Amino acid sequence: MPGSSLTAVVRPATGADAASIAMICSTAYREMYRDVLPAGYIERSVSEFYDPPRVADDVAPAPPEWFGYQVVEEDGRVVGAAGGGMTGPTAGELSLVYLESAHRGHGLETLLLDRVSDQVRAAGGTELWVSVFLGDSAGISFYRAHGFQPMDTVRATLSRVDDHIRSLRMCRALT
């Protein structure tokens with residue numbers, strides 16, 4: 001079955017994966033948030049974070065702040081990516097988890113979340129944080145189902161005063 005976690009492989013990204021990561025992240029970002037965020041904000045974010053040269057530069061780890069991209073493969077093809085790092089001595093941050101649309105909802109998101117959680121734990125982290133756009137009910141539900149609790153709301157990254165875009169900060173303990 002496509003997207004089945006039974007055949008999936010999660011591994012650190014290599015430079016050869018950069019174009020796939022950029023495409024997956026930019027496409028998923030546009031699809032997932034088109035009914036949640038203004039088009040201008042979406043394009044500004046895609047341009048800032050998922051521009052192919054930036055993704056290529058960010059493939060390599062720069063610990064502790066960035067553990068590098070992690071990818072999930074099905075049948076030897078990259079279908080999703082995640083990344084995160086440490087924001088403090090015991091606090092980690094999940095920066096992103098994106099998959100091709102045909103591979104969502106089959107457990108691959110959890111495999112990627114678990115990979116970043118393991119990296120944070122190995123770096124001494126005892127808690128993992130994530131920001132989810134207010135209005136992203138699917139994202140909020142996913143993280144709640146994985147033990148994240150709402151903690152605060154903040155102005156979203158790249159949001160301008162006129163955007164009024166807010167993110168829900170969520171946290172879970174890593175045991």
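Here are the numbers for the structure shown:
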read-out	value
Assigned charges on the beta-carbon of Lys, Arg, Asp, Glu; the range 8-173 dipole about Cα centre (debye)	340
Charge sum, other residues only, whose C-beta stays under 13 Å from residue 111's C-beta, Lys/Arg counted +1 and Asp/Glu -1	-2
Sites excluded, trypsin sites (Lys or Arg not before Pro) in DSSP loops with at most 15 other C-beta within 10 Å, longest stretch of the chain	35-159
Selected from 24, 8, 171, residue furthest toward positive end of dipole (the range 8-173; charges at beta carbon)	171
Neighbourhood net charge (12 Å Cβ-Cβ; Lys/Arg +1, Asp/Glu -1) for residue 173	+1
Cα-projected label distance for residue 166 with residue 57, points at 7 Å along beta-carbon direction, nm	3.3
Sequence of 171, 25 once ranked by neighbouring C-beta atoms within 10 Å, starting from the fewest	171, 25
Furthest towards positive pole of dipole, 128, 116, 55, structure part the chain, Cβ charges	128
Backbone HN-Hα couplings from phi across the range 50-59 [Karplus 6.51/-1.76/1.60, Hz, Gly and Pro as x]	10, 5, x, x, 5, 4, 4, 5, 8, 4
Estimated 222 nm signal from helices in the chain, with DSSP H stretches of n ≥ 4 weighted -39500 (n - 2.57), rounded to 500	-10000 deg cm²/dmol
Whole-angstrom gap from the range 1-76 to the range 129-175, using each part's C-alpha centre	19
Derived scalar couplings ³J(HN,Hα) [the range 94-107; Karplus, 6.51 cos²θ - 1.76 cosθ + 1.60; whole Hz; x for Gly, Pro]	8, 7, 6, 8, 9, 9, 4, 4, 5, 10, 7, x, 10, x
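Taken together, the values in this text are just the output of simple stated rules run on the coordinates, not laboratory data. All values derive from a computational prediction rather than experimental measurement. Cβ sites come from the backbone with ideal geometry, for glycine too, and all protein chains shown count toward neighbours.
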